[in-house]
Amino acid sequence: MVDMEQAWLLPALPAAAFVILALFHQYLPRKGDLIAVGSTVLSFLLALFVAADLFGQLPAGPGELVGNTSGFDWVEIPDIDFVLRIGFRVDQVTMVMLAVVSFVGMLVHIYSLGYMKGEPRYGWYYAVLSLFVASMLTLVLADNFLLLYVTWEGVGICSYLLIGHYWERRTAAEAAKKAFITTRFGDVFLLIGIVMLWREAGTFDMSEIFEKAEAGEFGKTYLTAATLLLFGGAAGKSAQFPFHVWLPDAMEGPTPVSALIHAATMVVAGVYLVARVMPLFEASYDGALYFVVVVGLTTTFMAAFMGLVMTDIKRVVAYSTLNSLGLMMVSLGFGEAGVGPAMLYLFTHAFFKALLFLGCGSVIHATEKQETTDLGGLAAKMPITGRTFAVGALAMAGVVPLSGFFAKDEILVAAQDFSWAALLLILVSLPITAMYMLRLYLLTFTGEPRDRHAYEHAHESPPVMSWPLVALAVLAVVSGFVVFEPIGKAIGVHSGFLGAVENVLVEEVHGFSLDWAMAAVSTLLVVGGLYAGYYAWSGAALPAKAAGERFPFLYRLLRNKFYVDDFYQWVINYVVLGLAKVIAVFDRAVVNDTGVNGAGEVTNGAGFFLKFQQTGKLPNYALAMIVGVAVLAIVGFSVKG
Amino acid sequence: MTVAELVFYLLAILAVVAALGVVTTPNVVHSALALILTLVCVAGFYVLLSSEFLALVQVLIYAGAVATIILFGLMLTRGRELPSVPAGAQWPLALLAAGTLVVVLLTAVLDSEWPRDTGVVTLVGVNTLGGALFRDWLLPFEVASLVLLVALIGAIVISRQEEEGEA
Amino acid sequence: METAAEQIPLESFLFVAAVIFSLGVYGVLSRRNAVQILMSVELMLNAVAVNFVAFATYTDPELFRGLVFAVFVIIVAAAEVGLALGIILRVFRNRATANVDEVSELKW
């Protein structure tokens, strides 16, 4: 019925919903929200069919690629090797992303029915949300870099529009700008990288470029440069250091947006890209992957520490997203061994992070507050939210046997093969993650309510909002089990999740292996972190406060986000605007005054002086005539004589 | 120096001096009188060139009619400044232009090659001239008379008094 | 006996004509009174006529075209003086002046 050939339907349905809503949302009943929701539901169902078709082709032998490519060439200019192709490739990696995007997209659309009820620009919100889903689906389906880049920008613009949904709030407008400009900055690198690859390979097609890279047709330095530029784009979108500044501020947008875009899908576009182009990384110098690891480690550590002191619940979850993204990048940086674990983490992270965000949304919807200084003790008033949130927090921390545990464990195994230093650093980050997640839960859901009015007002969310929470909680628990081959086989994925994914991306398939020693160590660290967190932040959180007073410098450093934002602002104020002033002076003095005005002034002046020739006096005119005759006579005579 | 040459030089000097007087003297009536002298000298030149008829015509029409009309015009247009009108403001430039012109002309005259030997001269009598005018050049002659007629009418029309109605 | 023309070279007549012509040019450009300008123009016309006759006598024995042309020059000059004075009279009547410097409505 529907198979991989029709994979293009998956993005087409939400795109159609976007067009309908963008044009007509004012005239449709309920502003057309059900159209958007319906399109994503259909999209998800179709994704299941596509998955079934794909899994029918498994198992695949080593090096044997399964999947399907479809599409058409839209613009072809053979003289310069330019082909704009709308092409789709479906393979296991694509399937992971399709599953995540369509499922979480569907849940967020349903959740928004309750959360965004009564909010301004309701119809437009759903329109842009559908456009985002369409763009993201096309992004993961794209088989050539040009289409990838177009949809990359597409999700960027949707993110901008959605973050700035409440644009009457100045902070929201600023945050939208910040997000867009920061990611756009990274996108420039991406574009240059794509063009570099196209220049050497003569094509935008991904599989052709990978083949050429593996065959060694690119110069190694050239390829490394291009790959690092691609990583620059990925770093921008996935909020790696130093582009991480936009993600916490992006929480100005509505919470479902944060759940969908800034947790489950858009921010992992960078991770997806790096995973996809792993063959290029493999063919480049090792330094490229080391660079990725360093960037990832920096991001994850910075984020983990900052999560300990932030008070806005959405921001804490945002920093946890940064933490996770950094970890995913580190895993990718391990090369072939780390790709599978990174994709596994991406897969499970989508569920528990979306769960955490939607849980925050539930709290905000109920209490109209989002600062921990105003919350507390909500577990009694909001049981479903509280329990699902706890599940999500524990999954994030990596408690066995929740999904986060399996993902983190595989990353640790890959780290062990890579370097002891990296392994140690990741192990250190585990208790910190556990600590701040528990802190968040404790401050929000336990203890004495700090704002009695908010507490009185709180109530559990309507079913349309709480059912997605439950669904995600279930997935947060079980999604890790897909690594086991029997379970994988049961849902049609032979050789388990890892094996299936790795088959596409890397030469050697590692598959899943449970390293008991590593599991024990990580569990110990996580439990230790949980205990420390409980000690510090339960009840009145006195130990935490004491620690804050003991190390004021550190506390301030973390609260001010390591002053990175201030540094950027300084650069903008002095470097960018300084340069702009110089250019403005040039523009005003040279281009405008001299060039444009000057030409006019010269003409004016010339006219002013020339007019004195018209004296109106007969003798003057006669003189002019005679002078002309005299000149002609001289010329004529000297020519002739 | 023959008589003819002597006469020529005298006439030439007189003509040039008179012309100088026409263009330099501030008194308009004096310059009109100087003009008459110049015209008469030119008539002398015609005599030297053995075109007596032309000399006759010159004296009659030019020195007689044209000069008289000019004197009439001077009389009728007496303004505040008359009779003394000094030179205009641009006389240096005029001098320069005229000077350039005379230099060029003289150079042309002295350097040019004439098409035939100018040593041999043929004289033309009045009857030959008359015959030519009324045979070969009849049409231009008639047109010239028309020109005179038109000029006459035009002059009358232009200088009519306003009380008799505008044209 | 030789004619006078045979004794006087052609260049002499041309010389005199050129000088008188240039004086006429000077007069046209530097005189203020309109009638004086007209007189200068007459000087120029006369010089030209002398030129024509001289050339006719010395270089055009069969057709003496210059001679005929000089006749027409005189005719046209007479007509022109009449007309010009009419214009000057008209201008004098309208502006009470024959000074060309003062008649400058065409000024910028």
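The values are calculated or read from the model by the stated rules, or taken from the named source; none is laboratory data. Every value quoted in this text rests on a predicted model; they were computed, and no experiment measured them. Glycine gets a Cβ as well: all are built from the backbone with ideal geometry, and neighbour counts include every protein chain shown.
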- Name the residue, out of A:Tyr166, A:Tyr160, that is within 17 Å of the chain's Cα centre (by Cα), surrounded by fewer than 24 Cβ atoms within 10 Å (Cβ to Cβ) and among the hydroxyl-bearing types (Ser, Thr, Tyr). A:Tyr160
- Note on the structure: Taking region A:290-316 and keeping residues closer than 25 Å to A:Ala422 by Cα and not β-branched (Val, Ile, Thr) leaves A:Tyr290, A:Phe291, A:Gly296, A:Leu297, A:Phe301, A:Met302, A:Ala303, A:Ala304, A:Phe305, A:Met306, A:Gly307, A:Leu308
- The lone condition C:Arg32 fails out of (1) more than 7 Å from chain B (Cβ to nearest Cβ); (2) in contact (Cβ under 8 Å) with a residue 12 or more places away in the chain; (3) among the basic types (Lys, Arg) is (1)
- Message: Can you tell me which of (1) out of contact with any Lys or Arg (no Cβ under 7 Å at 6 or more places or on another chain); (2) within 14 Å of chain A (Cβ to nearest Cβ); (3) under 29 Å from B:Ile158 (Cβ atoms) is the one C:Met39 doesn't meet?
- Response: (2)
- Task: Could you please tell me which pairs satisfy a Cβ distance under 7 Å, a separation of 6+ or placement on different chains, a first residue in region A:290-305 that is of a type in the set (S, T, N, Q), and a second residue that is surrounded by fewer than 23 Cβ atoms within 10 Å (Cβ to Cβ) and not in a helix (DSSP H, G or I)?
- Result: A:Thr298/A:Phe241; A:Thr299/A:Phe241
- Message: Looking at region C:1-15, I want the residues that are within 7 Å of another protein chain (Cβ to nearest Cβ) and have a partner that is crowded, with 18+ Cβ neighbours inside 10 Å and at pLDDT below 75 with Cβ atoms under 6 Å, at least 6 apart or on another chain. Which pairs are those?
- Response: C:Thr3/B:Val121; C:Ala5/B:Val121; C:Glu6/B:Val121
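Table: residues versus (1) modelled with pLDDT of 90 or more; (2) farther than 25 Å from A:Met106 by Cβ; (3) aromatic (Phe, Trp, Tyr); (4) touching a helix residue (DSSP H, G or I) at 6+ places or on another chain (Cβ under 8 Å).
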position	(1), (2), (3), (4)
A:Ser331	yes, yes, no, yes
A:Gly338	no, yes, no, yes
A:Ala354	yes, no, no, yes
A:Glu368	no, yes, no, yes
A:Ala390	yes, no, no, yes
A:Ala395	yes, no, no, yes
A:Leu402	no, no, no, yes
A:Ile411	no, yes, no, yes
- Task: Taking only region C:46-73 into account, find how many residues are under 16 Å from the mean Cα position of the chain (by Cα), surrounded by fewer than 21 Cβ atoms within 10 Å (Cβ to Cβ) and facing chain B (nearest Cβ under 7 Å).
- Result: 1
